1. Please go through segment 73-131 and give me each residue that is among the β-branched types (Val, Ile, Thr) and either at pLDDT below 95 or touching a helix residue (DSSP H, G or I) at 6+ places or on another chain (Cβ under 7 Å) (or both), ordered by number.
2. Which of the residues spanning segment 110-139 are in a loop (DSSP other than H, G, I, E, B) and surrounded by 17 or more Cβ atoms within 10 Å (Cβ to Cβ)?
3. Among the residues of segment 19-69, what is the count of those that are assigned to a loop (DSSP other than H, G, I, E, B) and buried (at least 17 other Cβ atoms within 10 Å of the Cβ)?
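The values are calculated or read from the model by the stated rules, or taken from the named source; none is laboratory data. Bear in mind that the values here come from a model prediction, so they are computed numbers and not experimental data. A quick note on method: Cβ atoms are made from the backbone with ideal geometry, for glycine too, and the neighbour counts reach across all protein chains shown.
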Amino acid sequence: MSETQPPFSVDQCRIVELPKISDPRGNLTFIEGRRHVPFDFQRMYYLYDVPGGAERGGHAHKALHQLIIAMSGSFDVLLDDGRNKKQFHLNRSYYGLYVCPLIWRELNNFSSGSVCVVLASNTYDEADYYRDYGEFLQAIGSQP
Ligand code: TYD
């Protein structure tokens, strides 16, 4: 899978179907960097014990590539590149949502007991975030 290049837009964000080894003893899915996702990952984090009605996200990343997976349960992801928006409903542990840099994202509608796993192309760096929507729009040259 080739590296996704700028200019970044929601059209580059897509559902990636991950390998699923079906087995009566339980299914198995695996992910290899650059083979199943268009980046090497250096970090994994997860959201869990999300209370009903809570919203996560509310930011964009300057350079980070991510794959978002509903490892258990379901939730919605709204992506926004400053011009176009796309909404995804994630509810399978063998589907990931690839999100390229410079995409504002909101995660909500978490089902009870859901777990959101994220693979990220780099380690945590607060300087990589746009946490203000107006600042994000300005940075990408879109009108606030
Ligand atoms: P944030 O990325 O805003 O969470 P979400 O997008 O899921 O709503 O991160 C929430 C807090 O956790 C913030 O203070 C930064 C911290 N954090 C880390 O220290 N390391 C990490 O890898 C992540 C993702 C967040």
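1. ILE103
2. Listed by number, the residues that qualify are PHE110, SER114, SER121.
3. Qualifying residue count for the region: 8.
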